[in-house]
1. Would you confirm whether or not region 224-243 contains a residue that is farther than 30 Å from Thr306 by Cα, outside any strand (DSSP E or B) and touching a Leu at 6+ places or on another chain (Cβ under 9 Å)?
2. Write out, first by first residue and then by second, each pair whose Cβ atoms fall under 6 Å of each other, whose residues are 6+ apart or on separate chains, and whose first residue, in region 360-375, is charged (D, E, K, R) while the second is assigned to a strand (DSSP E or B).
3. Out of the residues in region 155-176 that are over 30 Å from Leu195 (Cα atoms) and in contact (Cβ under 8 Å) with a residue 40 or more places away in the chain, state the one that is surrounded by the fewest Cβ atoms within 10 Å (Cβ to Cβ).
4. Which residue, of Phe172, Phe246, is of a type in the set (Phe, Trp, Tyr) and over 27 Å from Ser287 (Cα atoms)?
5. In region 435-450, what residues are part of a loop (DSSP other than H, G, I, E, B) and surrounded by 15 or more Cβ atoms within 10 Å (Cβ to Cβ)?
6. Kindly list the number of the only condition in (1) in contact with a Phe, Trp or Tyr (Cβ under 7 Å, 6 or more places away or on another chain); (2) of a type in the set (S, T, N, Q); (3) within 30 Å of Lys50 (Cα to Cα); (4) in contact (Cβ under 8 Å) with a residue 40 or more places away in the chain that fails for Asn70.
7. Which one of these does Met180 not meet: (1) touching a Leu at 6+ places or on another chain (Cβ under 7 Å); (2) in a loop (DSSP other than H, G, I, E, B); (3) under 12 Å from Trp330 (Cβ atoms); (4) of a type outside the set (Ser, Thr, Tyr)?
8. Ser142 - would you say it is at pLDDT 95 or above and within 20 Å of Arg341 (Cβ to Cβ)?
Amino acid sequence: MRFSFLLILLLLIGVGMVWAQEEKKKLEMSPDLHFRTFWMSTSYPGLDFKEDYALGMSLNLGGKIKYKENWTFHAGYRMFANVWSSQIWDPDPISSQSNRYETGLFDLLNPNDRFFGRLETLSLEYSQEKFGLKIGRMGINSDWVNAQDGRLAPTAVEGGYAWFQPDKRWKFGIWGIGRMNIRGSKDWLNPGGTLGIFPQGRTESGRPADYFQNTNSGTVMILEADHIQKAGSKLHFSTTVAQNLFSTYWLAFEKNLKKEKGNLFYGVQAGLQHGLGNGGNPDLELSYKNPEDLNYALSGRLGWSTSRWLTHLSLTQVGGKGRWLSPREWGKDAWYTFIPRERNEGFSSVQALVGYGEYRMEKIPLQIYAHAGIHWLEDVKDTAGNKYNFPSYFQMNLGLKYQAKKAKNLDFHLIMMTKQPLESVGLTNNQIYNKVELLHLNGIINWRWN
């Protein structure tokens with residue numbers, strides 16, 4: 001709780017400074033509060049696997065102090081509570097596997113801890129029209145390291161970020177990350193220390209992977225470049241370099257064509273990944289990535305939007321030598337076919353086809369949407385090409401979003417998800433539990449003041 005007292009003290013000092021400088025108008029202070037309630041449940045209709053549920057709450061207490069428009073100090077402490085849940089820390093008695101979904105609301109390293117907190121944000125920023133620099137603890141939203149804000153709190157990073165924007169069309173950015181506070185953990189760890197907090201899968205030889213606390217990687221560097229072209233076009237490039245693990249290069253081109261009755265848009269993505277150093281450990285059975293891996297990914301999207309409708313169809317192809325790996329602890333997939341509540345990393349080959357449709361009500365602030373996707377994965381018998389022993393599957397998400405008109409800082413989100421195997425004959429318990437033949441529900445309430 002000492003962090004809470006420190007934060008409150010800083011905010012009180014900030015208020016005093018604002019009052020003292022009121023006439024000069026040099027200081028401005030604003031709150032940064034976020035309360036989230038999250039209900040989650042997972043069941044296996046017709047099967048005897050363990051069913052789980054959890055009601056979690058989090059509260060971020062923070063604020064920003066701005067000085068002379070160029071300097072900003074930001075601090076925030078988040079508290080977590082497991083209000084009500086099943087025995088989510090106990091493994092499923094049939095498959096002997098640990099719960100994958102509900103435990104991620106809280107602290108995966110201490111699943112029995114019902115109340116805890118973390119100093120999530122503590123940063124100092126200087127910015128002007130064409131340049132900015134930020135150091136400390138902060139949020140991030142890059143291609144392969146991002147907030148993945150699908151639980152009680154987002155992932156945050158500790159390090160520095162600098163950006164340069166020479167004109168309205170170009171922007172360059174660089175991240176240097178030394179520690180991370182991943183979603184599902186209260187601890188700040190170096191990049192290598194975060195790997196394995198989520199399920200580790202199996203090694204290329206088929207043995208249970210054991211790279212947790214055996215992975216050596218001290219930094220992550222990210223370079224980004226964006227170019228906004230004429231006629232609604234955008235070009236984006238990034239390089240994500242995880243020291244001693246891998247480098248991932250990502251290029252995307254997107255274009256929006258305005259038509260008389262709506263907008264036609266399309267995008268193309270291309271990625272390349274290769275291993276670095278010894279992949280985290282000189283012992284291949286303990287390493288995160290084979291340093292000899294060389295993988296590629298291609299993804300495309302075509303869509304149409306109006307004031308009420310948004311639809312698009314996306315394709316992804318992943319291939320090459322070895323597994324395409326991107327730590328699940330660090331963020332969601334960047335390719336277009338990503339659907340919330342599942343990822344497609346850890347495979348030597350992926351083909352995915354995903355459709356999306358969204359309708360916005362005219363008289364009430366309600367959105368209804370649906371994802372539907374088929375994901376063809378490497379055969380489960382191929383241990384080198386299928387890290388998580390995951391069968392090819394069909395996934396559907398149905399969702400509702402409601403934004404109250406009279407309370408703009410309050411919103412509601414309901415998600416129902418199901419995943420079904422494309423071929424159910426011969427699947428083992430470990431290939432079903434946490435993976436397919438399940439029904440997964442989320443109910444989320446957010447209240448923000450910032």
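1. yes
2. Here the result reads Arg360/Gln367, each pair linking region 360-375 to a residue that is assigned to a strand (DSSP E or B).
3. So the first thing to find is which residues in region 155-176 are over 30 Å from Leu195 (Cα atoms), and the list is 164-171.
Next, from what is left, pick out any that are in contact (Cβ under 8 Å) with a residue 40 or more places away in the chain: 168-171.
On the way: Lys168: 7, Arg169: 13, Trp170: 13, Lys171: 17.
Filtering first and then ranking leaves Lys168.
4. Phe172
5. Step one: of region 435-450, the residues part of a loop (DSSP other than H, G, I, E, B) are 435-437, 450.
Matches in region 435-450: Lys435, Val436, Glu437.
6. So Asn70 meets the others, but not (3).
7. All conditions pass for Met180, except number (2).
8. No; evaluated as a whole, the condition is false for this residue.
The values are calculated or read from the model by the stated rules, or taken from the named source; none is laboratory data. These figures come from a predicted structure and were not determined experimentally. No Cβ is skipped: glycine too gets one built from the backbone with ideal geometry, and neighbour counts run over all protein chains shown.
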